[in-house]
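So the structure is just underneath, and the comments pick up after that.
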């Protein structure tokens, strides 16, 4: 039995911004490795050979930090709006997924200001609320809010 899924009216994927690509990070690590190796060689020639080990440890820790930062960039939130529901799927950096569903007829999309001045994009319906796009910058969060409101407005115009 094949049940047709409802048509998606609006769909977006929110991702955290990363300032450097994997290729740029690899280049940086490579350049630093060469620079540290040459500097370490200089220290070794004057008898301070243990410095090479510390330079190696620095490179390993730096590469590990960049790896973890890039991995956190895999997190995303997928938002799909149909006539029957707004579905939010949150996928963490390790691929685990959680999902929430809201009825679009009763949906409120709010951009709340927190006491520290940071805005929060909230989706609310029937007493359930969910903060989305927490990893976005203020401008990106504002744009996501406007896009969701416009999609919801288009849906309400079609269904009424």
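Whether any residue in region 61-77 is surrounded by 14 or more Cβ atoms within 10 Å (Cβ to Cβ) and under 24 Å from residue 154 (Cβ atoms) is what I want to check. The answer is yes, given that some residue of region 61-77 is surrounded by 14 or more Cβ atoms within 10 Å (Cβ to Cβ) and under 24 Å from residue 154 (Cβ atoms). With the structure loaded, tell me whether residue 82 is assigned by TED's automatic domain parsing to the domain that holds residue 121 and surrounded by 15 or more Cβ atoms within 10 Å (Cβ to Cβ) or whether it fails that test. So residue 82 fits the description; yes. Out of curiosity, is residue 6 in contact (Cβ under 8 Å) with a residue 12 or more places away in the chain, closer than 27 Å to residue 151 by Cα, assigned to a loop (DSSP other than H, G, I, E, B) and within 20 Å of the chain's Cα centre (by Cα)? Taking the combined requirement at face value, the residue does not satisfy it.
Filtered by the rule that a residue be over 14 Å from residue 14 (Cα atoms) and in contact with a strand residue (DSSP E or B) (Cβ under 6 Å, 6 or more places away or on another chain), region 123-160 gives 123, 124, 125, 129, 130, 149, 151, 155. Within region 53-78, count every residue that is within 11 Å of residue 32 (Cβ to Cβ) and within 20 Å of the chain's Cα centre (by Cα). Qualifying residue count for the region: 1.
The values are calculated or read from the model by the stated rules, or taken from the named source; none is laboratory data. Just so it is clear, the structure is predicted and the values come from calculations on it, not from any experiment. Positions of Cβ are backbone-derived with ideal geometry, glycine not excepted, and every protein chain shown enters the neighbour counts.
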